[in-house]
1. I'd like to check which helices (runs of 4 or more DSSP H) are fully inside region B:77-120 and have at least 1 residues that are under 21 Å from residue B:295 (Cβ atoms), away from chain A (no Cβ under 14 Å) and over 12 Å from the mean Cα position of the chain (by Cα).
2. Which condition from (1) within 25 Å of residue A:55 (Cβ to Cβ); (2) within 14 Å of chain A (Cβ to nearest Cβ); (3) crowded, with 19+ Cβ neighbours inside 10 Å is the one that residue B:73 breaks?
3. Among the listed residues A:860, A:855, which satisfies the condition of being out of contact with any strand residue (DSSP E or B) (no Cβ under 6 Å at 6 or more places or on another chain), outside any loop (DSSP other than H, G, I, E, B) and either within 13 Å of chain B (Cβ to nearest Cβ) or modelled with pLDDT of 95 or more (or both)?
4. Take the residues of region B:21-63 that are facing chain A (nearest Cβ under 9 Å) and surrounded by fewer than 17 Cβ atoms within 10 Å (Cβ to Cβ): which is nearest to residue B:137 (Cα to Cα)?
5. Surrounded by 24 or more Cβ atoms within 10 Å (Cβ to Cβ) and touching a helix residue (DSSP H, G or I) at 6+ places or on another chain (Cβ under 7 Å): does that describe residue A:679?
6. Find the helices (runs of 4 or more DSSP H) located wholly in region A:206-323 whose residues include 2 or more that are more than 30 Å from residue A:624 (Cβ to Cβ) and within 33 Å of the chain's Cα centre (by Cα), and list them.
7. Look through A:162, A:98, A:178, A:173 and report the one residue that is touching a strand residue (DSSP E or B) at 6+ places or on another chain (Cβ under 9 Å), more than 20 Å from residue B:105 (Cβ to Cβ) and assigned to a loop (DSSP other than H, G, I, E, B).
8. I want to confirm something. Restricting to region A:906-937 and keeping residues that are facing another protein chain (nearest Cβ under 7 Å) and assigned to a loop (DSSP other than H, G, I, E, B), which single residue is nearest to residue A:839 (Cα to Cα)?
């Protein structure tokens, strides 16, 4: 029903008819087109939809619009005055507090309300005010600083200096903290993510998902749904024109299920209707008859003979893959060991919780401005999307165009197909644009997660503190479909010695199909799991040997000349020892010369330090050709544009490629534009995964710029009649012996002479070898050490992380401030894995189907983070850079767990840490804790 | 997903009652909606035919003192309570409990009245209202009357009032007098459970160095909130000493029989927390009663 509303929005008085059932967020977004306010969960959990009602922050996603009758609303669009940004906006940019940008409006609105009331907030004040406004990217450190700095500006004081990390050899633009691309649009609410885009005549789509974790489909009847007025299409497996399968490594995942469903997120039918409500209504009218089948809920059970086989066509049954690492002679190794530690560890399934749920829009060929079937989607792998679209639709992939939109966080969770194929099918069926936005709850049930693992790890060392042998067995829960399990669990296996020299290793990993949610890529890619076991075994061994944990790691740390367990001789860029020394220095400094202690007590609070190391490959490795292509074009206005289909999900690939181009052409950074992820306009940059884009697409952009520079130089030499080798580039000018020409004018000259100012470069990363061949499995590794200081309440078992000291060898920091943001964000994400996060599935049925049941760390959990950069150049990396996206998330959890052990005497073998069991263990004098939160029942 | 069809914002109690009457059981009272709407979405239920929002009724949004009673309207938000100097001084435990409900955005909209009408056995606001020995004014089957707060709870999630035709209007309780003080604390876990593992509110009166009267509420300790009679009986007449507090904590652990709730807490852990919370709240309340100063603790965290 419609009602009249009188409301002031961003100073403008509005009186209009409004649907009574609207929330304030829907009113702002759908009725007023103010899409700066984002919707993250519709559960009043994440806070990113925060707007101010009469100056007070509220979650607009559960705020009825009529409740706002007569009130004054302020949204992100109302912060700036004309072109002048509000101090909170400029401060967020300045301090690097914007990554994917999806939560940014909510953070800024909540912060604005705080600053209006208290322009000089303490860190604690900020934590109280922003406690329920989540950010999954930044780790909050930059956010806190940005808010305090904006407060100073509002008080008429000088803003805080930017916490820019120290780097060596800054160049023209490289190793300088330039602002990320599109950041102004992100802080003003103008940035368009997929759900912010609409087309005239657009339909809304929903997916009918399975009712059981494992069942036979006996029949599907769509007649009643089709008969509902306003429903434009209802499609099932029978309507899939091409191959009814997709999948990144193994094509085992039905586009729409036909005879069997294998997990609760499986898609059975899709609907397009005139409105979202009608589409939801239609889902209820689709009749599906199921015959429930026994559920395979546990990977170890999946490996037994009695478990039902979930993919009969897979040659090894439920065993998706057995991954092996063999190095040296394991038996001889353990025979030489003086001390052996063998323990079992458990890590749970975890959820990316990117704040933008999956969304895709399909636009049919022939729709205005669309000569091809076009899919708009925030995807990490646009070209592979196109490939999978072509196969499922039964058309050449070139006949489909994928346009990448801004991505509100990914972390690996936006690599698999979500709604891309479905919207394309519905657009073809209806001849109209179709949008499919997943609800948060649907996203939780549907998309691949981090693998739950059971890791049995046996580590041996000699009396002098040298690691001599590692034997490990890992079980990984791949879930219902393969997704990237093969690759992820390979990484878990190959990294299971930790970043140490280990002469003998035997590691076996079993990737198992189950009826749980599929597992796939997630920041850290399997290495987070094995590091949890490796780094705690390291502390156990050190204790047994009576060697200090820092010293023990220094003794065994990988360095140039070491051969890894996969047989790779490390020839360069191994900065691990320096990172350990950095962390150790800071740990000591924390005690202000009072003498370092690993643990101490103060009343009922126990304190402890813990340390852990990590390494992580950059790039796909394992023999996969790792290439990226970039195109660059110079324009007559003196600007250049770099084009590549490589995704920026907030991690900052866009500014990395812009910096590479600006560096080579000695252009001001502002003169470089970046166009990403349009399969018709940008060449393939490959998947955004494996911490590879800075290295691979950074190099592609750099070398494309070098090629353009060569072309420009040739032309300038001709134009000015000077020898090409005398030409120098300076801030958009080409100079030679008193002559000079602006780059734009040169481009004009080139065009008038029939010359092109556009070049492409296809970059191939150094070749790698498959696992088992003994060669270089990867072309670069990043290294890190972190130490954690924790406080444990010995009366309640509550754990607080007070401080994380981090040092990371990333080869070179292309953009120091934004790189630091990757580190801080990775640390806090991993802190969540350690203390707050588990995605719980009960016999195939997700209990964690609400965001309220999956708590990621909020600002109140954010510890003090001190991070150092170590820059051991990687020869083939752009300017020496290696990957950084994943490494910060790998060693935080074991560092915290080692600290908890030092503080309490109880070792943590399962996460997330359960304060309940921890307290009872402390009380009962137990030293081992094998249960976690999900075991409280 | 649509959560309701019609939305009304009456400006008087009579208008609200007339609307409920008009819909004949199809309309439901809503205050902040931060529980109601979120629960409906979580359960993927059918939309409410109509919602009657009582937060625009002026007399339900007032915090005041009348006849030496503090009165709080059912439409008062948690943050209005947190920001009230009157309540900080005279109902410290209520400020402390309302200060930890949800996050700031939820506290700006969610109301104490909604918390009570929701009838959860461990609602933070409720725990304190019980310790304050509050009464609730309701219109039940057309009759307006005051009832003791505990009477509002008929079972887990089951309120005395039917929110399709009854109204919860106001709360009242006596302000802290001389020698009187309150405190509230709770134990949460950082994982995905919104409800506290355990909450504890205490009210006590000192005469010199002796505790002469007390009220203690620990929740959840049963299907509805309850006062811990044995603990209160023990406390009354004891010296306000560390030893008394220690003994009380031990007694609380003995007389209460908490249970294990899935993903929330084990019975053993809850038993430990009964001791911890009794020690912490009683220590704080004694201190406050002795000094006459009460600064709410832990608000917002």
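The values are calculated or read from the model by the stated rules, or taken from the named source; none is laboratory data. Given the structure is predicted, the values throughout are model-derived calculations rather than measurements. Counting neighbours? That spans all protein chains shown, and the Cβs are built from the backbone with ideal geometry, glycine included.
1. Values: elements: B:78-82, B:85-90, B:92-98, B:104-107, B:112-118.
The helices (runs of 4 or more DSSP H) meeting that bar are B:85-90, B:92-98.
2. (2)
3. Details: A:855 fails: outside any loop (DSSP other than H, G, I, E, B).
On inspection, the qualifying residue turns out to be A:860.
4. B:47
5. On the way: surrounded by 24 or more Cβ atoms within 10 Å (Cβ to Cβ): yes; touching a helix residue (DSSP H, G or I) at 6+ places or on another chain (Cβ under 7 Å): yes.
When the stated conditions are applied, residue A:679 passes them.
6. It comes to A:276-285.
7. Exactly one residue qualifies, and that residue is A:173.
8. Looking at the filtered set, the residue picked out is A:912.
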